[in-house]
Each structure stands twice: as C-alpha cells, then as structure tokens.
Amino acid sequence: MAKYKLEYIWLDGYEPVPNLRGKTQIKDFDSFPKLEQLPMWGFDGSSTRQAEGKTSDCMLKPVAVFPDSTKKNGVLVMAEVMMPDGK
C-alpha cells in the first residue's frame with residue numbers, strides 16, 4: 001500500500017463569482033485510487049456560504065479524479081457539494 005494525498009476541490013457559494021476551495025487528506029491505497037474508492041467528506045458549509053447555521057454540515061461527493069503531477073502520489077478530486085438532506 002502507498003499513501004496518497006487527496007486534494008478535494010469544489011466551488012464555494014460566494015457571488016457573483018464562486019471561489020475554488022480545497023481540503024486535503026492522506027489515505028492508503030494499493031494503486032492510484034478509482035473514483036468509486038474515494039470517500040465522501042464532510043465540511044462546515046456556513047464558512048463557504050453554502051449552508052446556514054443549524055444545517056451547515058455539508059458533504060463533498062467525489063465526481064472526478066485526476067493525477068496531480070506536481071506532487072508524488074498526488075490526487076486531485078473534483079467534488080460536488082451535497083446538503084445534509086442529500087440534495
């Protein structure tokens with residue numbers, strides 16, 4: 001097994017122009033991870049203007065995966081933001 005650096009990337013809720021956001025984690029895989037192997041990952045959506053107060057627990061759902069040529073065992077994970085109700 002090897003350690004891979006997963007950089008989850010998504011668009012925040014700022015207007016009129018959204019910003020790119022990123023969140024990184026290290027996980028072990030036998031080889032370069034496939035999309036279906038990547039876990040969903042939670043974050044506080046109120047800090048990115050994607051949710052409010054009591055319902056600010058959002059999830060990052062991986063939708064595409066690419067090698068990051070700038071890092072050894074780097075993985076770029078394009079993610080979609082899911083609300084607590086799954087939408």
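Taking residue 2 and the conditions (1) among the small types (Gly, Ala, Ser); (2) free of Cβ contacts under 8 Å to residues at least 60 places away in the same chain; (3) surrounded by fewer than 15 Cβ atoms within 10 Å (Cβ to Cβ), which numbered condition does it fall short on, given that it satisfies the others?
The one condition residue 2 does not meet is (2).
Identify, please: which residue in region 46-68 is basic (Lys, Arg) and either in contact with a Gly (Cβ under 7 Å, 6 or more places away or on another chain) or at pLDDT 95 or above (or both) and is, among those, nearest to residue 8 (Cα to Cα)? Give the steps one after another, and end with the answer.
Taking region 46-68 and keeping what is basic (Lys, Arg), we get 49, 54, 61.
Add one more test, that the residue is either in contact with a Gly (Cβ under 7 Å, 6 or more places away or on another chain) or at pLDDT 95 or above (or both), and what stays is 49, 61.
Values: 49: 17, 61: 9 Å.
Among them, the one singled out is 61.
For region 26-57, enumerate the residues that are in contact (Cβ under 8 Å) with a residue 24 or more places away in the chain, out of contact with any strand residue (DSSP E or B) (no Cβ under 9 Å at 6 or more places or on another chain) and of a type in the set (D, E, K, R).
Across region 26-57, the qualifying residue is only 49.
Of the residues 44, 57, 68, only one is under 15 Å from the mean Cα position of the chain (by Cα), under 12 Å from residue 6 (Cα atoms) and not polar (S, T, N, Q); which? Spell out how you get there, then give the answer.
Working: 44 fails: under 12 Å from residue 6 (Cα atoms); 57 fails: under 12 Å from residue 6 (Cα atoms).
Answer to the check: 68.
Have a look at 11, 20, 76, 35 and point out the one that is surrounded by 15 or more Cβ atoms within 10 Å (Cβ to Cβ), under 14 Å from the mean Cα position of the chain (by Cα), modelled with pLDDT of 95 or more and among the aliphatic types (A, V, I, L, M).
On the way: 11 fails: modelled with pLDDT of 95 or more; 20 fails: surrounded by 15 or more Cβ atoms within 10 Å (Cβ to Cβ); 35 fails: surrounded by 15 or more Cβ atoms within 10 Å (Cβ to Cβ).
Result of the check over 11, 20, 76, 35: 76.
Given the conditions (1) of a type outside the set (Asp, Glu); (2) without any contact (Cβ under 8 Å) to a residue 12 or more places away in the chain; (3) surrounded by fewer than 16 Cβ atoms within 10 Å (Cβ to Cβ), which single one is not true for residue 66?
Unmet for residue 66, out of (1) of a type outside the set (Asp, Glu); (2) without any contact (Cβ under 8 Å) to a residue 12 or more places away in the chain; (3) surrounded by fewer than 16 Cβ atoms within 10 Å (Cβ to Cβ): (2).
Report the residue count in region 38-54 for those that are farther than 15 Å from residue 80 by Cα and loosely packed, with under 15 Cβ neighbours inside 10 Å. Show your work before the answer.
If we filter region 38-54 for residues that are farther than 15 Å from residue 80 by Cα, which is where we start, we get 46-47, 52-54.
Checking the rest, the ones that are also loosely packed, with under 15 Cβ neighbours inside 10 Å come to 47, 52-54.
Summing the residues that are farther than 15 Å from residue 80 by Cα and loosely packed, with under 15 Cβ neighbours inside 10 Å in region 38-54 gives 4.
The values are calculated or read from the model by the stated rules, or taken from the named source; none is laboratory data. The structure displayed is predicted, hence computed values, not measured ones. Heads up, the Cβs are rebuilt from the backbone with ideal geometry, glycines too, and the neighbour counts pull from every protein chain shown.
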